[in-house]
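To keep things clear, I will list the structure first and then write my remarks on it.
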Amino acid sequence: MDKEEYKKYYSEVYRHSLAHILAKAVVEIFGKENVQYAIGPQISDGFYYDFLLPRNLTNDDFAAIEDKMREILKRREDWTVEELSKDAALALFAGQKFKEELINDLPADEKITVYRTGDDFVDLCRGPHISNSQELMGAAFQIKSVSGAYWRGDEKRDQLQRIYVYAFENKKDLKAHLQFVREAMERDHKKLGPQLELFMFDESAPGMPYWLPRGWKLYNALLEYWRSIHEEHGYQEISAPVINNRHLWKTSGHWEHYVDNMFIIPGHDEEGNMDIETADTYAAKPMNCPNAINVYRNALRSYRELPFRISQVDVIHRKEKSGELNGLFRVQAFRQDDAHIFVTEDQISSEIKDIMDVATEIYGTLGLTYKAELSTRPDDFMGDIEVWNQAEDALKKILDEQYGAGNYEINEGDGAFYGPKIDLSMRDALGREWQMGTIQLDFQLPLNFDLKYVADDSSYKRPVMIHRAIFGSFERFIGILTENFKGLFPFWMCPYQVGIVPILPEHNDYAKEVLQTLRSVGIRAEADYAYRNMKEKIKGFHAMKDPYIVIVGDKEIADRTVSVTIRGNKKMNGVPLNKFVDICRKMNLEHSLELIDSAE
């Protein structure tokens, strides 16, 4: 076991052991007869434990629980492991209904182990664990929060209280993590989005964002850039219906594999009762692929037309559990930056390379790096296993050539139900990894829809379909970018790129001229003509994080110049108006990440 493996193993063991200490502390505080304790696994920055308690916990309880945990650690109790029969385990945990359920779900001959912490607390666990509580004396921990959690994720079961705890080997590591958490909270898109007037939500449409005027400008700036890249790479953009008859989804396989995540518009049976299995049932599309297929088969294609690249940014809908919704990260209505490409088998490798070139260009423009991972056949796969093997082998060969054999991760069983995929994950300014784009190789849907093309020998052959997205969805990607840039978006993406401040009302006419000059060359500018203090106007544009704030007064009018405050409080004074316009145009054309801070 190398150093990194040992560190990972140790962190898992002590975090899981601390979870037992937490459970023991809660039992001692509330009394064994009043506590049902469920499960307590370790997680990336600590652990959590689920409880059914006589009352709801509040932040005021955190200190008492932490103190009790430290008191227990100071007892330096031994930890012992026992192996029990199923009957003996059930007798030991009699009255603890969650433990009883877990035990009853095990096979009759399952090896059941329990760990005792001292003489008065025992937990059902596979381990491993520490041997004595003194091993945890140097560990640093702090309760993060309490939230609701349904037993086994089932909203029809008991709602438990989940106590989350940060846990690290020492105080230094905990302090560093808490600083990271504070920084992440400052970047939280759910906070920044409303502050910057980008988007909102309303209970009338859960998980379906409203894009506000400023946010829609940002969205369209990103979309315009996305379109320009795809135009260069030979994509043709389409738009298709938002709802389709269920027969399309049955042919595609979504009705069988994905119907629980679809918004259904039921048809009616002969008696007039609503019935989703009737011919006039429709569904809001959760994916664009069947509609892209309809466009492909609108005409008989020749091999000369392949690769046939279709891009699409239609709204799609996916039904999610309310507890899983999370700002722009997890929504029920969004715009996927979709593309579907129809290729011959011998075009697969070159086409996927081109897709990766597109991803590299887009992520690079935003200062982001990415890595690729292979996701293979899931348990609920559709189609012939040999076809799956063929598709997986093709993707492995491509990644082997790109990265070298063994130099990329394989996520077993994490593919789409219709084909394996390459997932693209990127790292943000805080070092967090996000699964973003995906490249899915699909031999199955062309078979389901009996797709064809005319080969060079005039025979009919079946194309291979590649599903791919670079952002994943515009909504989620913008949420991630908001946090990555902390709302300080690159100039070319900003909702408004220039805020204009006339010092006094008599300077309004020149401010309007500056505004129109900027807008005439595609710069998104706004002006504040209100009769109020100049500093208040500047403060308003600062709050919206406009990259440049232009101030005009008597001197600027006389000299046909502008004075500019740059985001970050640098200044450029007396810049000729035409020179400032050129600066803005240059950053738009180059999709620059940095603001130009000199007129030289």
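The values are calculated or read from the model by the stated rules, or taken from the named source; none is laboratory data. Computed from a prediction, not measured in an experiment: that's the story for all the values here. Please note: Cβ atoms are built from the backbone with ideal geometry, for glycine as well, and neighbour counts cover all protein chains shown.
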Of those in the range 10-52 that are part of a helix (DSSP H, G or I) and among the acidic types (D, E), the residue nearest to K74 (Cα to Cα) is E28
Of those in the range 355-406 that are of a type in the set (G, A, S) and in contact with a Pro (Cβ under 9 Å, 6 or more places away or on another chain), the residue modelled with the highest pLDDT is G367
Quick check on V81: is it free of Cβ contacts under 8 Å to residues at least 40 places away in the same chain, of a type in the set (A, V, I, L, M) and part of a strand (DSSP E or B)? no
Those residues of the range 342-390 which are in contact with a Ser or Thr (Cβ under 9 Å, 6 or more places away or on another chain), closer than 22 Å to A292 by Cα and not in a strand (DSSP E or B) amount to W388
Of those in the range 416-426 that are in a strand (DSSP E or B) and modelled with pLDDT of 85 or more, the residue surrounded by the fewest Cβ atoms within 10 Å (Cβ to Cβ) is S425
* State whether the residues of the range 459-480 include one that is surrounded by fewer than 21 Cβ atoms within 10 Å (Cβ to Cβ), out of contact with any strand residue (DSSP E or B) (no Cβ under 7 Å at 6 or more places or on another chain) and assigned by TED's automatic domain parsing to the domain that holds T369. => yes
Here the qualifying pairs (Cβ atoms under 8 Å; residues six or more apart or on different chains; first in the range 163-176 and aromatic (F, W, Y); second in a loop (DSSP other than H, G, I, E, B) and surrounded by fewer than 20 Cβ atoms within 10 Å (Cβ to Cβ)) come out as Y166/D45; F168/D45
Is there a residue being out of contact with any His (no Cβ under 7 Å at 6 or more places or on another chain), in contact (Cβ under 8 Å) with a residue 12 or more places away in the chain and assigned to a helix (DSSP H, G or I) anywhere in the range 106-122? no
| said: Against the definition (touching a Leu at 6+ places or on another chain (Cβ under 7 Å) and part of a loop (DSSP other than H, G, I, E, B)), how does P206 come out, yes or no? | reply: yes
The residue that is nearest to L174 (Cα to Cα), considering only those in the range 102-117 that are surrounded by 14 or more Cβ atoms within 10 Å (Cβ to Cβ) and under 38 Å from the mean Cα position of the chain (by Cα), is Y115
Scan the range 553-574 and give yes if some residue there is touching an Asp or Glu at 6+ places or on another chain (Cβ under 6 Å), farther than 25 Å from P213 by Cα, touching a residue at least 24 places away in the same chain (Cβ under 8 Å) and surrounded by fewer than 16 Cβ atoms within 10 Å (Cβ to Cβ), otherwise no.
yes
Scanning the range 575-600 residue by residue, those at pLDDT 95 or above and farther than 20 Å from C494 by Cα turn out to be V575, P576, L577, N578, K579
Fill in: Residue match in the range 315-327 (condition: loosely packed, with under 14 Cβ neighbours inside 10 Å and free of Cβ contacts under 8 Å to residues at least 40 places away in the same chain)
yes
The condition of being of a type in the set (D, E, K, R), over 21 Å from L73 (Cβ atoms) and either under 34 Å from the mean Cα position of the chain (by Cα) or in the same structural domain as D60 (by TED's automatic domain parsing) (or both) holds, among D158, D120, only for D158
Scanning for something outside any strand (DSSP E or B), closer than 30 Å to F199 by Cβ and outside the structural domain of I466 (by TED's automatic domain parsing), does the range 262-277 turn up at least one residue?
-> yes
